[in-house]
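Chemist: Sharing a structure with you now.
The values are calculated or read from the model by the stated rules, or taken from the named source; none is laboratory data. Not measured: the values here are computed from a predicted model. Virtual Cβ from ideal backbone geometry, glycine too; neighbours counted across all protein chains shown.
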Amino acid sequence: MRSLQSIALLILSAVILNSCDSRPFSRPDTSGIDYEVTLTPIYKEVFAKRDETIHDKVERLSQAYPGYFDDYCMRELRLGSREDMLFEQRLAEFLQYGDNNEVVAACDTMWDDHSGRIAKELTDAFRCMKALIPDVVLPETIYAHISGFNSKMFMDSSYISVSWEHYLGADCRFYQWLDIPMYARQTRHWQSVCPDVIRAWLYGLYPNEGEKDDILTHIIYQGRILYALWRVMPELSEAVVMGYNERQLEWCQKCESMMWGYMAEQELLYSTKPMDRAKLINDAPFVAYFGQQSPGRAPLYCGLHIVMQYMERNPSTTLDALLRMRDAQKLLVASGYQPK
């Protein structure tokens, strides 16, 4: 009996080791990095019911969050400048809008249930980023705001601010009311906050400055960002990195060679037409060229794997150097890319 138990344990251990080894990246050493994410629920201050006039609220928040509060009102709420004579009236109307009470309550539940885990994930990810890119500038503060379902986040050089109401779960009734399609809802849950923040910060640090404006340049740029995200958060599955479910990832795995061959044969890789780019790499329910079973943005899977094969062939390339590369064609050739 003991021998059978021993064999079973050995088999289980082998399975666990193999599953760990199947991860493409390991976590870098972050033991010497002193960084902790400060996650601030600014929406609670904005919507706090206090015995104060709207003018006093504006003055209080402007002093408590200098620079940020103006950015929030102008860039997200689109209320104009505080010097605008209608600014306070517009802000009051936004705060008093009845449906916002339900949004705030839902955001409070998400904050209470998940903010601690999100802060830890962000801290771990940014420490990995610092370990891999020593000169990187990290955000001083990460805010949670309510935008009225405008953009998911905005940022400057010292902070990034997340629209909390965009991560309430795919089945959230607000998204149904807003007629947000199902393909766009599947990543609207709290587990997507950290990957989205890291991706947005990378976009800000490393904008697309490719030498050309063709589809290949965009595919490989997005591939580099996805690769960096995976290096910074090595515990993620490939499906999560891509923003897919398992069925969508499986389609890309099975059809990678077909996708690449079609784009090459139809001369789409070097197209600079905005319509071609929109069809191939913009968020959508599917890629029109590949049929309705394909997931939107599917060619970015090729971009990720081009970059992975490049880094396998060029292991001395730093993550910073990779993200600064501008010549997509040169990277493609150096990768020796072989779609599976």
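Chemist: Give just the number: which of (1) part of a loop (DSSP other than H, G, I, E, B); (2) buried (at least 16 other Cβ atoms within 10 Å of the Cβ); (3) at pLDDT 95 or above does GLU88 not satisfy?
Modeler: Failing condition for GLU88: (1).
Chemist: A further question on this structure: Collect the residues in the range 268-311 that are under 23 Å from ARG188 (Cβ atoms) and part of a loop (DSSP other than H, G, I, E, B), keeping them in residue-number order.
Modeler: Once the filter is applied, which keeps residues that are under 23 Å from ARG188 (Cβ atoms) and part of a loop (DSSP other than H, G, I, E, B), the range 268-311 yields ASN282, ASP283, ALA284, PRO285, PHE286, GLN292, GLN293, SER294, PRO295, GLY296, ARG297, ALA298.
Chemist: Do any residues in the range 312-336 that are part of a helix (DSSP H, G or I) have Cβ atoms under 8 Å from those of residues that are of a type in the set (Asp, Glu), where the two are at least six apart or on different chains, and which pairs are they?
Modeler: Within 8 Å, the pairs are ASP320/ASP135; ALA328/GLU211; ALA328/ASP214.
Chemist: Only one of (1) hydrophobic (A, V, I, L, M, F, W, C); (2) out of contact with any helix residue (DSSP H, G or I) (no Cβ under 7 Å at 6 or more places or on another chain); (3) surrounded by fewer than 17 Cβ atoms within 10 Å (Cβ to Cβ) fails for PHE126. Which number is that?
Modeler: (3)
Chemist: So which residues in the range 51-85 are of a type in the set (Asp, Glu), under 31 Å from the mean Cα position of the chain (by Cα) and in a loop (DSSP other than H, G, I, E, B), if there are any at all?
Modeler: Listed by number, the list is empty, since nothing qualifies.
Chemist: Could you pull out the residue among TRP230, TRP260 that is under 30 Å from ARG127 (Cβ atoms) and out of contact with any Lys or Arg (no Cβ under 6 Å at 6 or more places or on another chain)?
Modeler: Of TRP230, TRP260, the one residue that is under 30 Å from ARG127 (Cβ atoms) and out of contact with any Lys or Arg (no Cβ under 6 Å at 6 or more places or on another chain) is TRP230.
Chemist: Let me ask something else. Give me the helices (runs of 4 or more DSSP H) completely within the range 123-209, filtered to those with at least 1 residues that are in contact (Cβ under 8 Å) with a residue 40 or more places away in the chain and more than 22 Å from TYR244 (Cβ to Cβ), ordered by residue number.
Modeler: Passing ranges, in order: 173-177, 193-205.
Chemist: For ALA170, all conditions in the list (1) closer than 26 Å to GLN293 by Cβ; (2) surrounded by 21 or more Cβ atoms within 10 Å (Cβ to Cβ); (3) among the aliphatic types (A, V, I, L, M) hold save one; what is the number of the exception?
Modeler: Unmet for ALA170, out of (1) closer than 26 Å to GLN293 by Cβ; (2) surrounded by 21 or more Cβ atoms within 10 Å (Cβ to Cβ); (3) among the aliphatic types (A, V, I, L, M): (2).
Chemist: Does GLY296 satisfy being touching a strand residue (DSSP E or B) at 6+ places or on another chain (Cβ under 7 Å) and at pLDDT 95 or above?
Modeler: Criteria met by GLY296.
Chemist: Quick one: is SER161 modelled with pLDDT under 95 and touching a strand residue (DSSP E or B) at 6+ places or on another chain (Cβ under 8 Å)?
Modeler: Values: modelled with pLDDT under 95: no; touching a strand residue (DSSP E or B) at 6+ places or on another chain (Cβ under 8 Å): yes.
No, not satisfied.
Chemist: Cβ-Cβ distance below 6 Å, separation of 6 or more or different chains: which pairs start in the range 46-66 with a residue that is more than 20 Å from ASN101 (Cα to Cα) and end on one that is modelled with pLDDT under 95 and among the hydrophobic types (A, V, I, L, M, F, W, C)?
Modeler: none
Chemist: Can ASP51 be described as at pLDDT 95 or above, farther than 16 Å from HIS145 by Cα, exposed (fewer than 11 other Cβ atoms within 10 Å of the Cβ) and outside the structural domain of LEU226 (by TED's automatic domain parsing)?
Modeler: No: the conditions fail for ASP51.
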